[in-house]
Every structure is written in structure tokens, then in C-alpha cells.
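Report on the structure given below.
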Amino acid sequence: MTRVLFILLLAATVTAQPAFQELVDSNLEQTITDRRWLHTNPELSNQEFNTQTYLRDTILEIPGIELIDGDWGTGLVAILHGKPGPLIAWRADIDGLPITEDTGLPFSSINDGVMHACGHDIHMSVALGAMRVLSDIRDELPGSILWIFQPAEETGAGAFQMIEAGVFDDGRLPECVLAFHDHPTFNTGETGSCSGWSTANVDAVKITVHGKGGHGAYPHKSVDPVTIAAQIVLGLNSIVARQIDVNNHAVISVGKINGGTKSNIIPDKVIMEATIRTHDEKTRNEIQERIRTTCLGIASAAGAPEPEFEFFNGTPGGYNNPELVAQCREVFARVLGPENDQTYPPGMGGEDFSRFGQVVPGFQFRLGVAPEGKDMTLHSPNFHADEKSVGIGMRVVSELLFDQLSRR
Ligand SMILES: [Zn+2]
Ligand SMILES: [Zn+2]
């Protein structure tokens, strides 16, 4: 009897899985049209006006989707209503970059000096495609999905703007938030996952080193801020190497030094700027303190006034919730094959998806968009995502969202 019940239950479970590939196939052509239009019409951060109009018009044609009014700037928020059940969120970023496209694609950018060089056209179109697939089966969908089309990822401002504007307010707090970034480090048909910290706190510091100006021939009558700045560069480089636990990732890079006017004049001051990348909050705070004490010590040893510091805390580190990652990887392996469910190590780049993940458990994976053997990087004039990734993305995203709702 138990065995019969088990078989019946198993049969019910198997038949409950919608025919995702057929649904993807029937919605693919329209979604490729979206992708090409979006690729042709890239717009810069917080200026995505035509993009927003296109997304709005497109979404209004998809049954079962409600557009949510709000102060989203050039962003857009919508809910696909399924059966009564949990709410989860999907995020797609929508901005392009100030790069002149050089891909030779027939649907290349028509906007001078602006390009979807980070592949956000793939993010948007796959989201629209997955929306269509899930809209087709909304009567079976075990919950609802909040779709966040976020502007200004490239400036690190957009996610913060959406949260401040209340994207998660008024009963819209999701149980988790998911997203992908298309990525040429993975081939088309692969996904990449990184459990735990995956992106960094993107912080910066501006240090004004004060000295006492004078003639370059008589340095003993001056306090030379150029020499102090040089020592500070080496001192800062030693912080990560000698003072931070190697298990806690950190990077300091001095990217800009400005001072002086002429070879034989010792200037009054030198201004230096550095990027500071960390993962956890403790290291983030600790490293700022170490920078301060290192600079103060070096300046003091040279008999210089105290340097001034301006710290800028930017996009926070992205933490991929390990439980969510494990669940999603089951879907990747099932849909794409276990060999295509890849992983990647934590990086020190930034992504403001992390802001959503600070509110609810989040996971951003990578969707492979490199045709086999192609060497490409994001943010380059010849970056072009393999268009096959659109259909694959639709399949992965729609199954992933369905699966997440089913688990809750
Ligand atoms: Zn980018
Ligand atoms: Zn991007």
C-alpha cells in the first residue's frame, strides 16, 4: 500500500513539472527581438528612458503581470501573480556603458559612444523571456514573483535607489532575491556559482599629504610630501601583506597621485587616491584604521603635519547565501547537466546586487555567454554575448524561480 502511494506521489511530482523547453521555444523569437532592440538602444546609468518605455510596453503585453507604481526613476517594478503562496524576487539591471561598440553585429548600438558592453541587454531580455514562460503557466505557479528592473548598476547607485524608493515595502518583502550576470569566463550552456562572499566592498580613500614647499636644491629646508607619499604607497601595500589575516581577502591599490608643478620645486602637498576592496565588515573597518595609522606614522616620522583622510564607502560586498546556492545548483545540474554546473572563486570586483542581498537572502550566479574558445571580457568594445544564451537563460531562470517557489 505504501509502495503504491509512493509511486502515485512520484507520478504526481513528475507530472507537476511544466514543459519548460516547449514554453521557452514558443517564446524565444519574441525574446530575441527584445534582446536585439535593447542591444541597439543602450543608455547610460539613470538615463534609461527609452529602455524603460520599451520594458513597460513589453511587460504590459504579458498576461498576469502587474506593474507597480513607484518612484523608481528609470527603473521598473512588476509582479507576476501565481497561485497564493510565497513571493520571491528576480533582479535585472538595465544600463549601458560609455563605450563605442566595435562588434560588427547587425544590431549594434545606434547611440554614439554608448554600448551594452556589460551584457545587461541579456539580463533584461532573459527576464522578459522568463516572465513570458512563467506567465504561460501562472495557474500552476506556486507563488508570485517580484521583478526588479534596476537602473544604474554601473555607477553603483541603482540598487540603493530602488531600496530607498521602497521596492520591498507595502507587502513586497520577498523571501529571497536572485539574479545572474552574463559572463564570458563561462561558455554558453554553463553556469558559474560562488557560495559565500563573491564580490567586494568597493571603498576608496583620498589622502592629502601635507608638507612644506621649497626649492628642490635644498630639501633639508622643506618637508617633502612627494617622498612621504612614496613611502605611504609602500606602507599601504604592506598593510594587506603583513597586517591582515590571509583568510580575509583584501586589496589596496593607489591609483592616483597628484602633486607638484615643476621638477625643482618641492610642493606643499600631494593628493593620493586608492581603492580599498574587502569582503567582511570587520576587515573593512580594520583596514581603514590601519591606513590611518600607517599614514600618520610616516608623516610624523618626516616631521610633516597630519595628513587628511576622506573615506568613501561604496557598494557593499556581495554574499551569496550558501543554502540558496546549493538549492539553485541542483536546478543548474538538472537543466544543463552536472558538468555545466561550474563554480568560481570569490572576486574583488563590485556589484550592487549586494544591496538587495543585505535585506533578504540573495544569490547572483553567472550565466555563460562565451561561444567555445572565444576570449572576451566585459566592458570591452568587442564584447558580444552568444545569443544562444538567451534561450538557455530563459530555461534556467524560469525553472529556478519555479523551483524556489515550490520549495517554500
Ligand atoms: Zn559592468
Ligand atoms: Zn554588469
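Every read-out reported here was derived from the displayed coordinates using simple, explicitly stated rules and does not represent laboratory data. Since this is a predicted model, take the numbers as computed values, not measurements. Heads up, the Cβs are rebuilt from the backbone with ideal geometry, glycines too, and the neighbour counts pull from every protein chain shown.
Cα centroids of the range 171-240 and the range 267-338: 7 Å apart.
Pairs over the 32 Å Cα-Cα cut-off, from the set LYS83/LYS374; LYS206/LYS282; LYS221/LYS256; LYS206/LYS262: LYS83/LYS374. Helix 322-336 and the longest principal axis of the C-alpha atoms of the chain enclose an angle of approximately 50°. With viscosity 0.692 mPa s and temperature 37 °C, the Kirkwood radius over alpha carbon pairs of the range 219-298 converts through Stokes-Einstein to a diffusion coefficient of 239 µm²/s.
Projecting the Cα atoms of VAL77, LEU367, LEU67 onto the dipole axis of the chain, where Lys and Arg carry +1 and Asp and Glu carry -1 at the beta carbon, places LEU367 farthest toward the positive end.
Report the one residue of SER300, ASN264, ILE228 whose Cα lies farthest in the direction of the positive end of the charge dipole of the range 201-313 (charges on C-beta: Lys and Arg +1, Asp and Glu -1; origin at the Cα centre). With unit charges placed on the Cβ atoms, the residue in question is ASN264.
Relative to the Cα centre, the charge distribution of the chain, modelled as +1 at Lys and Arg Cβ and -1 at Asp and Glu Cβ, gives a dipole magnitude of about 1260 debye. Annotation for the range 315-376: trypsin sites (Lys or Arg not before Pro) lying in DSSP loop with at most 12 further Cβ atoms inside 10 Å of their Cβ are LYS374. Counting Lys and Arg as +1 and Asp and Glu as -1 over every other residue whose Cβ lies under 11 Å from the Cβ of GLU22, the net charge comes to -1.
The share of C-alpha pairs in the range 221-357 whose separation exceeds 19 Å stands at 62 percent.
Evaluated with a Cβ-only charge set (Lys, Arg +1; Asp, Glu -1), the range 143-271 carries a dipole of roughly 1100 debye about its Cα centre, given to the nearest 20. The modelled label-to-label distance between ALA19 and VAL360, using points 7 Å beyond Cα along the C-beta direction, is 3.2 nm.
A dipole drawn for the range 201-313 from +1 and -1 charges on Cβ atoms has a positive end, and of SER238, TYR218, ILE207 the residue lying farthest that way is TYR218. Qualifying GluC sites (Glu not before Pro) in the range 308-392, where qualification requires a DSSP coil assignment and no more than 11 other C-beta atoms within 10 Å, comprise GLU372. Helix 225-243 versus the longest principal axis of the chain: what angle, 0 to 90°, nearest 10, using Cα atoms? That helix lies at roughly 50 degrees to the long axis.
Of the three principal axes defined by the Cα atoms of the chain, the extents in descending order read 94, 54, 46 Å. Compared with the dominant Cα axis of the chain, that is its longest principal axis, helix 281-301 is turned about 10°. Among the trypsin sites (Lys or Arg not before Pro) in the range 227-263, those placed in a DSSP loop whose Cβ has at most 13 other Cβ atoms within 10 Å are LYS262.
Cβ-Cβ distance of ALA230 and GLU310, R₀ of 30 Å, FRET efficiency by 1/(1 + (r/R0)^6): the value works out to about 0.90. Considering only alpha-carbon pairs that sit under 8 angstrom and 6 or more positions apart, the relative contact order computed for the chain is 23 percent.
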